[in-house]
1. Among the DSSP beta bridges whose two residues both lie in the chain, what percent are antiparallel, rounded to the nearest 5?
2. Could you state the angle between the C-alpha long axis of helix 63-78 and the longest principal axis of the C-alpha atoms of the chain, as a value from 0 to 90 degrees rounded to the nearest 10?
3. Cut-off is 10 Å between beta-carbons; in what order do SER211, SER4 appear when sorted fewest neighbours first?
4. Pick from SER139, SER23, SER222: which is most flexible by mean-square fluctuation in a GNM of the chain where alpha carbon atoms under 10 Å apart are linked?
5. Where in region 79-104 is the amide nitrogen less than 15 Å from a point lying 7 Å along the Cα-to-Cβ axis of ARG61?
6. Show that you can apply the helix-only estimate: for the chain, add -39,500 (n - 2.57) for every DSSP H stretch of four or more residues, divide by all residues, and state [θ] at 222 nm to the nearest 500.
7. Which longest uninterrupted range of the chain lacks any GluC sites (Glu not before Pro) assigned by DSSP to a loop state (not H, G, I, E or B) and surrounded by at most 13 other Cβ atoms within 10 Å?
8. Using the Karplus equation 6.51 cos²θ - 1.76 cosθ + 1.60 (θ = phi - 60°), what ³J(HN,Hα) coupling, rounded to whole Hz, does each residue of region 185-193 give in order, writing x for Gly and Pro?
Amino acid sequence: MAISVCPDCSGSGWKIVESDELSGAERCHCQFEGRAERNEEAAGIPPLYRNASFDNFSTKRAHRELAQAMTTVKGFVREFPNAEHPGLLLMGDPGTGKTHLAVAAFRELLKRGFEGLFFDYQNLLTRIRSSFDGMAGVSDREAYRSALDCEILLLDDLGAHRVTEFVEDTVTSILTHRCNHRKPLIATTNLGDVETTRRGEGEAKVDYRLSLTDRLGMRARSRLFEMCKVVKMPLVEDYRLGSWSRH
Ligand SMILES: Nc1ncnc2c1ncn2[C@@H]1O[C@H](COP(=O)(O)OP(=O)(O)OP(=O)(O)O)[C@@H](O)[C@H]1O
Ligand SMILES: [Mg+2]
Ligand SMILES: [Zn+2]
């Protein structure tokens, strides 16, 4: 295939613009064309989610609650970038559509020209750990830097890993860095938060399952809630089991 050189900038990517008194260089239009596609290509979205969108997110199983969750996620996209809440955290049980919605939002932002990287949490930690052990290749060594500095970080399945000091320190440093620099983060997790429920006149704190604090430590949890708009997915049957669609 012949490579076509842009006639307006001869392939340099820059154009000289002259006005009455000034002349200067500006980015040529050819630099923006195909940018959304390139961003999506480079984002590392796993094949299963490559087409995930708001349009193919069904709200059939629990219409009001799922539509509400999707509306909140769409709001995050519409208001992006939001200095107060540069992040989005989707919490809920397995198969409730967290990764689907997270990717749908992420793809909308890539289409608008933002750049971002999808990381599976467990895989990211493994790569960072091996890079500290000195056994890793270049791309593993870059993983940590990318997680700190990429424009939008999608961290999927946060907390799906046993706790070690290494995990706690690494996750805290990534979240702290992104939080301090107001760098956008989209995260999903099926860990719960400590819930407070009222029973009768007494108030009982019920920690009904492993919580974010248990898995990530208090500091990481606190950064996460500081920077993120939180969406709690409704209790619906695991979409992967699929029996809801047969009724
Ligand atoms: N409401 C929905 N409409 C259409 N597809 C859905 C919906 N919810 C989930 N899916 C699909 O079901 C599969 C599982 O959903 P997803 O991976 O988003 O769940 P999850 O909440 O991230 O689960 P886990 O906690 O196990 O990571 C995906 O293929 C996803 O595209
Ligand atoms: Mg998921
Ligand atoms: Zn050009």
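1. Working: 10 of 29 bridges.
Antiparallel bridges make up about 35 percent of those DSSP assigns within the chain.
2. The angle comes out at about 40 degrees.
3. Details: SER211 16, SER4 8.
Fewest-to-most Cβ neighbours within 10 Å comes out as SER4, SER211.
4. SER23
5. Output list for this probe position: 91-102.
6. -11500 deg cm²/dmol
7. Numbers: sites that count: GLU21, GLU33, GLU79, GLU84, GLU201.
The longest such stretch corresponds to 85-200.
8. With coefficients 6.51, -1.76 and 1.60, one gets 9, 10, 10, 10, 7, 10, 7, x, 10 Hz.
We did not get these values from a lab; they are worked out from the coordinates using the rules stated. Fair warning: this is a prediction, and the values are worked out from it, not measured in the lab. When we count neighbours, we look across all protein chains shown, and the Cβ atoms used for this are built from the backbone with ideal geometry, even at glycine.
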